[in-house]
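The values are calculated or read from the model by the stated rules, or taken from the named source; none is laboratory data. This one's a predicted model, so the numbers in the text were calculated from it and none came from an experiment. Don't worry about glycine lacking a Cβ; one is built from the backbone with ideal geometry, like all the others, and counts go over all protein chains shown. The protein model used for the area step is the full one, side chains on, heavy atoms only, and it has no ligands, DNA or RNA in it. Shrake-Rupley method; radii C 1.70, N 1.55, O 1.52, S 1.80 Å.
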Amino acid sequence: MIKFALPKGRLGDKAYNLLEQAGFSCRDYVADSRKLVFTDEDTGVSLFWVKPTDVSVYVEEGAADVGFIGKDILDEYRPDVYELLDMNMGKCRMCVAAKKGFQDDTSRPLKVATKFPNSATSFYQSKGREVQIIKLNGSIELAPVLGLSDVIFDIVETGTTLRENNLEVIDEAFRISMRLIANKASYKFKRQDIIRLTQKLKEIIPQ
């Protein structure tokens, strides 16, 4: 039995569709059900749905053998898991954005508003830039507009929200996509099953 942690939402639905194509389906799974755990003894699959930011916790602690998670969450929380495969889905970028015409005043710490304080800190440490991190949970784009921060460090998909608030990307930290991760103990004791899963997914993931 392989236990899967799937993120609730659009990417989780796409991940399950790929599992079905790879032969790791669950017969009693119903997309619109409020049920959270589904198990199929015949296919050896048990899957459950969790908040995207919790996938790494379930996998790291061994409640799930494998899971699907965004690279943004992996970089921010850095769980002790194996990253097995880039699923080539849910692509976007982690970027630095500022008001148009922004000039960095290097005589003082740069004020950075973000939902990802660990990732932002690491990014600026690699550049040798002293920063003041301002942790926010929503409306990140508002921070430089109202003078709360100099820049924002956030996920950018289309860039529409930035443009509508007179902001622009001034740097890119890393590319984001959904990844397949595995619990380290599970990879040892269920190695053949997890390798077979990984190989099957490699054959069908979008290019």
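Where both bridge residues fall in the chain, DSSP classifies roughly 65% of the beta bridges as antiparallel. Compute the Cα gyration tensor for region 1-65, then decide on rounded, prolate or oblate, letting a ≥ b ≥ c be the square roots of its eigenvalues: rounded whenever a/c is under 1.5, prolate when a/b is larger than b/c in the other cases, and oblate in all that remain. Oblate, because a/c is 1.5 or more while a/b does not exceed b/c.
Straight-distance candidates among the lysines for linking to residue 35, with alpha-carbon spacing under 26 Å and chain neighbours fewer than 8 residues away dropped: 3, 8, 14, 51. Scoring 40-47, 198-205 by mean Cβ neighbours within 10 Å over their residues and listing the highest first yields 40-47, 198-205.
Distances between every pair of Cα atoms in the chain, grouped in 10 Å steps from 0 to the bin holding the largest one, split as 8, 31, 28, 19, 11, 2, 0 percent. Compared with the dominant Cα axis of the chain, that is its longest principal axis, helix 10-21 is turned about 30°. Counting only DSSP beta bridges whose two residues both lie in region 30-152, roughly 45 percent are antiparallel. Between the alpha-carbon centres of region 13-91 and region 137-154 there is a gap of 32 Å. Counting pairs on different chains as well as pairs 8 or more places apart, how many Lys pairs in region 123-207 have Cα atoms under 29 Å apart? Within region 123-207, the lysine pair count is 7. The mean of 1/r over all distinct Cα pairs in region 61-118, once inverted, gives the Kirkwood hydrodynamic radius of 14.9 Å. In region 129-207, the ratio of gyration radius to Kirkwood radius, Rg to Rh, stands at 1.19 when only Cα atoms are counted. In the context of the full set of protein chains, residues of the chain present 53 Å² of accessible surface per residue (probe radius 1.4 Å, heavy atoms only).
Applying Stokes-Einstein at 4 °C and 1.567 mPa s to the Kirkwood radius of region 61-166, computed over alpha-carbon pairs, gives a translational diffusion coefficient of 85 µm² s⁻¹.
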